[in-house]
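The values are calculated or read from the model by the stated rules, or taken from the named source; none is laboratory data. These numbers were taken from a predicted model, which means no experiment stands behind them. Note: ideal-geometry Cβ built from the backbone for every residue, glycine included; neighbour counts use all protein chains shown.
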Amino acid sequence: MEHVRTMYRIGLSGLALCLVMACQSNDNQANQHASLPPEAQWSDEAWAADTLDWRTRRLNRLTLPDGYLALAGLDFLTTGRSTVGQSTESDLVMPDGPDRWGQLVLTDSSAWFVPALDSGIDVLHPHPDKTDPPVPGAIKLAVAGGDLEPSRISHGQTHFYMAIRKGEWVARTRDPNSSARANFVGLDYYPLNRDFQVVGQFEPHPPGTTIPTATVLGELIDEPNPGRVVFELGGETYSLEAIAAASGEEFFFILADRTSGSETYGLGRFLYSSLPNQAGQVVLDFNRTYNPPCAFNAYTTCPLPPPSNRINFPIRAGELKYRGVAGQDPDQLP
């Protein structure tokens, strides 16, 4: 009888131990789940709804009257004076507005605009420095890519602004009636697939690291490269080099994969992610990969995927190849 009681006590102790171990296991699983980035913890229903909402916002941004579809000119200019207007005799021909908008005056280091009298041309966001104009009435322009909002020389919703590409002055024109915007046929996507939302591990690079990134114009730009994200797809391990987004609050990725050029755009796709959590985890949701502006419009200056971001796996998620007239032809790059 005592033997039976002893076995009974051992059985109760073992049961208690198992219950404790089970609770600890459940606690560990809960803690592990709680450590994941928020996006990875959403229910499938919440994730799908948010992804579809992201697609709507993506479409709305792209089709804005001054969005990337509205780009209608990318004109390289030399220093000196250039006439601007709708007249075909202008050095910089505008798609709308008066025959004479005015004159651009470009030096090695600054850009100025002189509106024609009674032209109705506005200069929005002029540079605050008004000293030493090269000609009377010249308005100094803030240039895209600097610390100030770029100046817009506009007539109604048609406008242009100045930038520097390949070390040269370039005027970028936007027109809400551009052919790319007027003939836009919409966006197409792979079906939603949460298997392509993966949690990767961030591996930081030394501070100040950059990555050379080519553009469709043949430029090579050193982008800030804080580190790479290592992840798994299809049972294999891959990595993507991250670019620090201008906002400082996201990572930006330019990538290509085995679908590029066949099912998706040949010059790759873009993707943003949140910054790493405390455990160094980053959610890469390839359902939110999208086409760069050069897929739709020839007047763009898109960056291209660095060699390290060419994934040898078909990522069948996110935005598909554009059905309309392509912007930049991958076979005709500089």
- prompt: Here are Tyr189, Tyr161: which of them is surrounded by fewer than 21 Cβ atoms within 10 Å (Cβ to Cβ) and aromatic (Phe, Trp, Tyr)?
  reply: Tyr189
- request: Answer with yes or no whether Phe286 is of a type outside the set (Gly, Ala, Ser), closer than 19 Å to Pro191 by Cα and in contact (Cβ under 8 Å) with a residue 40 or more places away in the chain.
  value: yes
- prompt: When only residues in the range 205-227 that are surrounded by 13 or more Cβ atoms within 10 Å (Cβ to Cβ) and over 17 Å from the mean Cα position of the chain (by Cα) count, which is farthest from Ser35 (Cα to Cα)?
  reply: Leu217
statement: Subset of the range 109-127, residues at pLDDT 95 or above and under 27 Å from Thr300 (Cβ atoms), comes to Ser110, Ala111, Trp112, Phe113, Ile121, Asp122, Val123, Leu124, His125, Pro126, His127
- request: Considering every residue within the range 269-292, establish whether at least one is at pLDDT below 95 and either closer than 24 Å to Arg165 by Cβ or buried (at least 18 other Cβ atoms within 10 Å of the Cβ) (or both).
  value: no
statement: Among (1) over 18 Å from the mean Cα position of the chain (by Cα); (2) over 30 Å from Gln157 (Cβ atoms); (3) among the hydrophobic types (A, V, I, L, M, F, W, C); (4) in a strand (DSSP E or B), Trp169 falls short only on (2)
message: Against the condition surrounded by 13 or more Cβ atoms within 10 Å (Cβ to Cβ), within 23 Å of Arg81 (Cβ to Cβ), in contact with a His (Cβ under 9 Å, 6 or more places away or on another chain) and among the polar types (S, T, N, Q), how does Ser154 come out, does it pass?
response: no
message: The conditions are (1) farther than 25 Å from Leu271 by Cα; (2) surrounded by 10 or more Cβ atoms within 10 Å (Cβ to Cβ); (3) modelled with pLDDT of 95 or more, and Ala22 fails exactly one of them. Which is it?
response: (3)
query: Does Phe296 fit the bill of being surrounded by 22 or more Cβ atoms within 10 Å (Cβ to Cβ), in contact with a Pro (Cβ under 9 Å, 6 or more places away or on another chain), hydrophobic (A, V, I, L, M, F, W, C) and at pLDDT 95 or above?
result: no
- prompt: Does any residue of the range 321-328 turn out to be on the phi > 0 side of the Ramachandran plot, of a type outside the set (A, V, I, L, M) and in contact (Cβ under 8 Å) with a residue 24 or more places away in the chain?
  reply: no
- prompt: Say we look at the range 50-59 and pick out the residues that are over 15 Å from the mean Cα position of the chain (by Cα) and of a type outside the set (Ser, Thr, Tyr); which of these is surrounded by the fewest Cβ atoms within 10 Å (Cβ to Cβ)?
  reply: Asp53
message: For a quick check of your reading of the model, give me the residue pairs whose first member lies in the range 84-112 and is among the aromatic types (Phe, Trp, Tyr), whose second is assigned to a loop (DSSP other than H, G, I, E, B), with beta-carbon atoms closer than 7 Å and at least 6 apart or on different chains.
response: Trp101/Met94; Trp101/Ala116; Trp101/Ser119; Trp101/Ile121; Trp112/Pro133; Trp112/Pro134; Trp112/Ala138
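Here is a yes/no grid of residues against (1) among the aromatic types (Phe, Trp, Tyr); (2) touching a Lys or Arg at 6+ places or on another chain (Cβ under 9 Å):
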| residue | (1), (2) |
| --- | --- |
| Gly235 | no, no |
| Phe251 | yes, no |
| Gly261 | no, yes |
| Leu275 | no, no |
| Gln278 | no, no |
| Leu304 | no, no |
